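Student: I am attaching a structure below and will ask some questions about it afterwards.
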Amino acid sequence: MSAYLVRRLLALIPTLFFASMIVFVTVRLIPGDVIDMMLSQNDIGADKLSRDQLLAALGLDKPMPEQYVRWVWALLHGDFGKSLWQSTPVLEQLLQRLPVTFELGMLAMLVGLAIALPIGVYSAIRQDTAGDVAARSLSILLLAVPSFWMGTMVMVFPSIWWGWSPEVNYVKFGDDPLQNLKQMMVPAIVLGMALSAVTMRMTRTMMLEVLRQDYIRTAWAKGLTERLVVRRHALRNALIPVVTLIGLQAPLLIGGAVIIEQIFVIPGMGLMLLEAVNQRDYPVITGVFLVVGLSVMLINLLVDLSYGLLDPRVRHR
Amino acid sequence: MSTTHVRPSAVPISVQSTVAAEPRRRSSNVILRLIREKPVGALAGLVFVLFVFCGLFADVLAPYGFNQISPIERLQPPSAKHLFGTDNLGRDLFSRCLYGARISAIIGLSAAALATIISIVIGMFTGYLGGRFDMIGQRFVDAYMSFPELVILIAVVSAVGPGMFQIIGILSLVLGVGGSRIIRSAVVSVRENMYVHAAQSIGAGTGRILWRHILPNIMPPIIVLFTTRVGAVILAESGLSFLGLGVPPPTPTWGGLLSGSGRTFMFQGPWLALAPGLCLTIVVYATNVFGDALRDLLDPRMRGSR
């Protein structure tokens, strides 16, 4: 296990290197005139000195490789740079916003599983019945409904019909956990529905595969009830690969959170990114971009490691 | 292009000779087979064709201009005169949705095509050449896949600015790198076939092998990748437009119609929130169902995967 852990961590190094390169190059795409625009917006005046200062602040006055090394070196020391407008360290802002998106993501994941697992299992044990066809159509439909449309409808229609609309004044979990959960539930359901589509398909596929195994036939032959065969024997084995989906869905979840946070005005990383994009706050964009990538890698690492714990057959040497 | 090739490795030699005569007969009838075996998929294909048709002929089909303002008719519910109703400036929502179809069709088809080509190039080279080249390529794709598409798109758009060509370029690049995995695994499974080794042993160049021997044999996953990409691109573009980072107004896009100034008027005219979202959902749904049906027909091994 520890040897596997070491190998897995070593394999992460090139990935981290490429990820940092992707972030670095993307931000370096900023054309020169954007700097002029920032100057004019900043009301510093476009004189030579402030232009140079801004270039220096962005670290753009050095040669590329040097810029990269300096940037990575600063990152390794926990220095994500400073916001161009608020002059607060980016890291500080990130640490405030990250838990909010994390909570939204976790809730959405739970909602997604709560929808997907029962339907996926049903669809597999009643393969090719009308119910199965309906469930499969539902999952393709859920893939096609854009979450921003669903979010928009949730904002508009309940308000027209019943005068109810989701709360948009964000309350921190620490301040009032109940109020916070009440508030997060609607966005989490909208986001979770989009996620459930893929999980539903995966659960069905895995269940079908497991149901054909010898030990299931044995379980039937022993005269066990359907309930026992499905729950105790089939589902437990079918769920293991579904766990990997959590890792695969992490990017989808964070991408979806950007839109959901915008609609329901939740001050998470997604809203932070959009605000930064509107203000062209490049250090913040870089910070969010990087942290999102790192979070996804970390989630995938944890999923890979938990795989061995969940499935005794895949013990890592 | 439409050859439904039977991989020799998958079929015992004795069966091959009888199957060998089949591809031509079967391939010419892909549409017929689709209608016979997958009626729902064929219907979805029809919806998709209709969508492209609406996009192409939006200016002929639309009863009003997309930016034709008529203040007396503002915020009218759907009627015979205005099928989908009108917005806060009295613009006909039906016409605007038709023009929105044009943007979705142009971006959806061109970005999906470009993305597929990028996937093919990356996937073929990493998959066929293998070795260190493949390893470095795969670590790069790994790193790339850790970033949510939407987050990359937002970050890049913030750098290069919104606009149709930027969106097409970025979408095809982002989705192209992601899709290269599928092509790569198809190439890896084809690479060790006898006919590839035969070509190698008579001294055929890498380019020739890739073009004449590998490419025709990975056509089914390519077609499937393309169709699933169309839906993904349309969704991604509308998401960007919704966030105000897509094709800038006044050009109507389905995502844009659901955002911006129209949002405040949705409480007075809920139909404003319905039509663009319905158009999007129906088109993406149809594209996905069509893609699934094609996959089942062309590449049964990929069934259930996504």
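Student: Just how far, in whole angstrom, is the stretch A:116-170 from the stretch B:193-235 if you go by their alpha carbon centroids?
Tutor: First find each Cα centre; the distance between them is then 38 Å.
Student: Sticking with this structure for a sec: What's the buried accessible area, both sides, between A and B using a 1.4 Å probe, rounded to 100 Å²?
Tutor: 4000 Å²
Student: Here is a further query. Can you give me the long-range amide H partners of residue B:245? Hydrogens built in the peptide plane at 1.01 Å from N, cutoff under 5 Å, separation of 5 or more residues or another chain.
Tutor: none
Student: Would you mind giving the mean number of other chain beta-carbons within 10 Å of the Cβ of each residue in A:11-19, as a whole number?
Tutor: Across the residues of A:11-19, the mean count of other-chain Cβ atoms within 10 Å is 5.
Student: Another question, then. Rank these by accessible area, largest first, 1.4 Å probe: A:176, B:92.
Tutor: A:176, B:92
Student: Kindly write out, for the stretch B:100-113 in residue order, the coupling ³J(HN,Hα) from the Karplus curve 6.51 cos²θ - 1.76 cosθ + 1.60 (θ = phi - 60°), rounded to whole Hz, with x marking Gly and Pro.
Tutor: x, 4, 4, 4, 4, 5, 4, 5, x, 6, 6, 5, 5, 5
Student: Another one. Under a cut-off of 20 Å between alpha-carbon atoms, report the lysines in cross-link reach of residue A:182, not counting same-chain residues fewer than 8 places apart.
Tutor: A:172
Student: Considering every residue in B:268-277, what mean count of other chain Cβ atoms within 10 Å of its Cβ is obtained?
Tutor: Partner Cβ neighbours, averaged per residue: 3.
Student: Compute the label zone of residue B:263 within the stretch B:218-253: residues whose backbone N is under 14 Å from the point 7 Å along Cα-to-Cβ.
Tutor: Residues B:239-246 fall inside that zone.
Student: Can I ask one more? Which value in Å does the Kirkwood hydrodynamic radius of the stretch A:91-221 take, with 1/r averaged over all unlike C-alpha pairs and then inverted?
Tutor: Working: mean 1/r = 0.0588 Å⁻¹.
Computed over Cα pairs of the stretch A:91-221, the Kirkwood hydrodynamic radius comes out at 17.0 Å.
Student: Something else: Taking accessible area as the heavy-atom solvent-accessible surface of the protein chains with a 1.4 Å probe, which residues of the stretch A:129-158 lose no less than 50 Å² upon going from the isolated chain to the full protein assembly?
Tutor: Hits at the 50 Å² cut-off: A:140, A:143, A:144, A:148, A:149, A:152, A:156, A:157.
Student: Report relative contact order for chain B in percent, whole number only (criteria: Cα-Cα under 8 Å, sequence separation at least 6).
Tutor: Once normalised by length, the contact order is 24 percent.
Student: Would you mind giving the mean number of other chain beta-carbons within 10 Å of the Cβ of each residue in A:201-213, as a whole number?
Tutor: 1
Student: Could I have the simple spin-label model distance between residue A:73 and residue A:248, label points 7 Å from Cα toward Cβ, reported in nm to one decimal?
Tutor: Once both label points are built, they end up 4.2 nm from each other.
Student: So, in nm, how far is label residue A:218 from label residue A:141 when the simple model puts each one 7 Å beyond its Cα toward the Cβ?
Tutor: With each label point 7 Å from Cα toward Cβ, the separation is 4.1 nm.
Student: I need the calculated FRET efficiency for the pair residue B:188 and residue A:4, taking r as the beta carbon distance and R₀ as 25 Å, to the nearest 0.05. Write down the numbers at each step before the final one.
Tutor: Details: r = 24 Å, r/R0 = 0.97.
Efficiency computed from Cβ-Cβ geometry: 0.55.
Student: Can you tell me how much longer the chain between residue A:305 and residue A:85 gets when fully stretched, taken as 0.36 nm per residue apart minus their C-alpha distance, in nm with one decimal?
Tutor: Working: separation 220, 0.36 × 220 = 79.20 nm, distance 4.07 nm.
Taking residue A:305 through residue A:85 to full extension adds about 75.1 nm, to one decimal.
Student: Can you send over the carbon and sulfur percentage of the accessible area for the protein assembly as shown, probe radius 1.4 Å, protein chains only?
Tutor: Exposed carbon and sulfur together represent 67 percent of the surface.
Student: With every protein chain kept in place and ligands, DNA and RNA left out, what is the accessible area per residue of chain A? Probe 1.4 Å, answer in Å².
Tutor: In whole numbers, chain A has 51 Å² accessible per residue.
Student: Show A:68, B:285 ordered by accessible area, largest first, where the area counts protein heavy atoms only and the probe is 1.4 Å.
Tutor: On the way: A:68 40, B:285 65 Å².
Putting A:68, B:285 in descending order of accessible area: B:285, A:68.
Student: Something else now. Once you have the Kirkwood Rh of the stretch A:92-310 from its Cα pairs, apply Stokes-Einstein at 10 °C and 1.306 mPa s and quote D in µm²/s.
Tutor: After rounding, the answer is 83 µm²/s.
Student: May I ask you to list, by number, the DSSP H helices of chain A whose Cα span along the axis is at least 27 Å and whose average Kyte-Doolittle hydropathy reaches 0.0 or more?
Tutor: Values: long enough: A:2-27 (37 Å, 1.75); A:90-125 (50 Å, 1.46); A:177-211 (43 Å, 0.84); A:236-264 (38 Å, 1.49); A:282-310 (41 Å, 1.88).
Passing helices, by number: A:2-27, A:90-125, A:177-211, A:236-264, A:282-310.
Student: Related question: For B:257, A:302, write out the residues from largest to smallest accessible area, computed with a 1.4 angstrom probe and no ligands counted.
Tutor: Numbers: B:257 25, A:302 105 Å².
I get A:302, B:257, largest accessible area first.
Student: Running Debye on chain B with equal point scatterers at the Cα sites and no solvent, what base-10 log of I(q)/I(0) appears at q = 0.08 Å⁻¹?
Tutor: -0.44
Student: Can you pull the one-decimal nm distance between simple spin-label points at residue A:66 and residue B:133, each 7 Å off the Cα toward Cβ?
Tutor: 3.6 nm
Student: For a quick check: with amide H placed at 1.01 Å from N, whose amide H comes under 5 Å from residue A:82's, ignoring anything fewer than 5 positions away on the same chain?
Tutor: Under 5 Å from the amide H of residue A:82: A:90.
Student: Another question, if that's okay. Once every DSSP H run of n ≥ 4 in chain A is given -39500 (n - 2.57) and the sum is divided by its residues, what mean residue ellipticity at 222 nm do you get, rounded to the nearest 500 deg cm²/dmol?
Tutor: -26000 deg cm²/dmol
The values are calculated or read from the model by the stated rules, or taken from the named source; none is laboratory data. In this text the structure is predicted, and so the values were computed from the model without any measurement. Cβ coordinates were reconstructed from backbone atoms using ideal geometry, including for glycine residues, and neighbour counts include every protein chain displayed. In case anyone asks, the SASA skips ligands and DNA or RNA and just uses the protein heavy atoms, side chains included. Shrake-Rupley method; radii C 1.70, N 1.55, O 1.52, S 1.80 Å.
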